[in-house]
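All remarks here apply to the structure that follows.
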Amino acid sequence: MDVGFVGLGAMGLPMTRHLIDAGHRVTVASRSRGPIDAAVDAGAVEAEGPRGVVDASEVTILCVPNSPEVVECIDAALPALTRGKTIVDTSTIDPEVERAQHARVSATGAAYLEAPLSGGTVGAQKGALTLMVGGDAAVIDAVRPALEPFAGLIVHVGGPGMGQVVKLCNNLIYAAQMLATAEATVMAAKAGADLNKLFEVLTHATGDCVAVRTRLPAEGVVPDSPASNNWAPGFMTDLMAKDLDLAIQYAASSRSPLFTSGVVRQILGAASEAGYGREDFSSLAKVIRQLAGQ
């Protein structure tokens, strides 16, 4: 299959490599030179921006940071869209903006899906991402070969915009987990608890969660965690803050109360202001440590 990929960031580049390894003919575009060169070295072909990618591809996958960049990609791609082509947006953006892109692309005769991702850079590298797909089920079946190489699970969650809603729900839970995990870890450390024993108990008790298992913010306790690796980002603080902003805005528009998300957003903001914006979002624990006098 001729597959295009726009956005070769920390997620997009490994996803592209999986597509190449699966035998697809892959055409790419991105803002940064380095990832393009890496993709070309792996077997991809470079195109001139999103329109060039769409021209060369049956299915074009977008993986960009925010709503304006998705709109910019669609603006560029529209002249090249025809019946038989499909765009799949794996970015995390505003649900209403996403619904508008569905309508714009569908008006050309082409097809559109949203498929925001969960699993972080580790999931992208392993080809084990979870995709929350919004759009026509028949389109999912048609493009499945272009998604399966980097997916561990593909779930059709509903119509246009619903993939983004489900993704925002996931991330507001994950962010709340992380803040609670950070608070508990700091409290235990101040009390003199053995943090290795804390981790052992939490992973076998009702406090168990993904944030504990993968991001307990105690250097050396979880070897693969960001805290044990100089806070290397699996998911950056600034990106989690962006996603919480989207969740809070969407909840306000639907009159859905969000209490914990507002608090987590404040701590993420403090982490960004302290210089941790491009570190893993578990670095919010450093803010909690500072507040605790550690």
Exposure proxy check: L244, L216 ranked by fewest other beta carbons within 10 Å? L244, L216
Diffusion coefficient, µm² s⁻¹, Stokes-Einstein with Kirkwood Rh over alpha-carbon pairs of segment 176-294 at 20 °C and 1.002 mPa s: 147
Contour minus Cα-Cα span, N196 to D21, at 0.36 nm per residue, comes to 59.1 nm
Cα point-scatterer Debye curve for segment 75-200, base-10 log of I(q)/I(0) at q = 0.11, 0.13, 0.20 Å⁻¹: -0.49, -0.61, -1.09
Here the relative contact order (percent) of segment 165-291, from C-alpha pairs under 8 Å and at least 6 apart, is 30
For segment 76-143, run through the trypsin sites (Lys or Arg not before Pro) and keep only the ones in DSSP coil with at most 12 other Cβ atoms within 10 Å of their Cβ. R83
Here D for segment 2-158, in µm²/s, from Stokes-Einstein with a Kirkwood Rh over Cα pairs at 4 °C and 1.567 mPa s, works out to 87
Placing +1 on each Lys and Arg Cβ and -1 on each Asp and Glu Cβ in segment 2-158, then taking the dipole about the Cα centre, the residue among A77, G123, V133 whose Cα reaches farthest towards the positive end is G123
Counting other Cβ atoms within 10 Å of each Cβ, which GluC sites (Glu not before Pro) in segment 38-114 have at most 12 and sit in a DSSP loop? E48
Counted neighbours (other Cβ, 10 Å), sorted fewest up, put H204, H102 in the order H204, H102
Ranking of C73, C63, C209 by count of other Cβ atoms within 10 Å, fewest first: C209, C73, C63
If you place +1 on the Cβ of every Lys and Arg and -1 on the Cβ of every Asp and Glu, how big does the dipole about the Cα centre of the chain come out, in debye to the nearest 20? 420
Counting only DSSP loop positions in segment 1-32, the trypsin sites (Lys or Arg not before Pro) whose Cβ has at most 15 other Cβ atoms within 10 Å are R31
Length-normalised contact order of the chain, Cα under 8 Å, at least 6 apart, in percent, tallies to 13
Could you give me the radius of gyration and the Dmax of the chain, taking only the C-alpha atoms into account and expressing both in angstrom? 19.9, 64
So what's segment 17-96 giving for Cα Rg divided by 2.2 N^0.38 Å, two decimals? 1.08
Distance check, please: which entries in K126/K286; K167/K242; K167/K286 exceed 22 angstrom between their Cα atoms? K126/K286; K167/K286
CD proxy, 222 nm, the chain: helix-only mean residue ellipticity via -39,500 (n - 2.57) per DSSP H run with n ≥ 4, per residue, nearest 500, stands at -15500 deg cm²/dmol
Using only Cα atoms, locate the centre of segment 31-101 and the centre of segment 199-248, then give the distance between them in Å, rounded to an integer. 30
Please find, in a Gaussian network model of the chain (springs between Cα atoms separated by less than 10 Å), the residue of P50, P160, P65 whose mean-square fluctuation is greatest. P65
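Readers should treat all values here as calculations from the given coordinates under stated rules, not as data from a laboratory. Just so it is clear, the structure is predicted and the values come from calculations on it, not from any experiment. In this analysis, Cβ positions are derived from the backbone assuming ideal geometry, glycine residues included, and neighbour counts consider all displayed protein chains.
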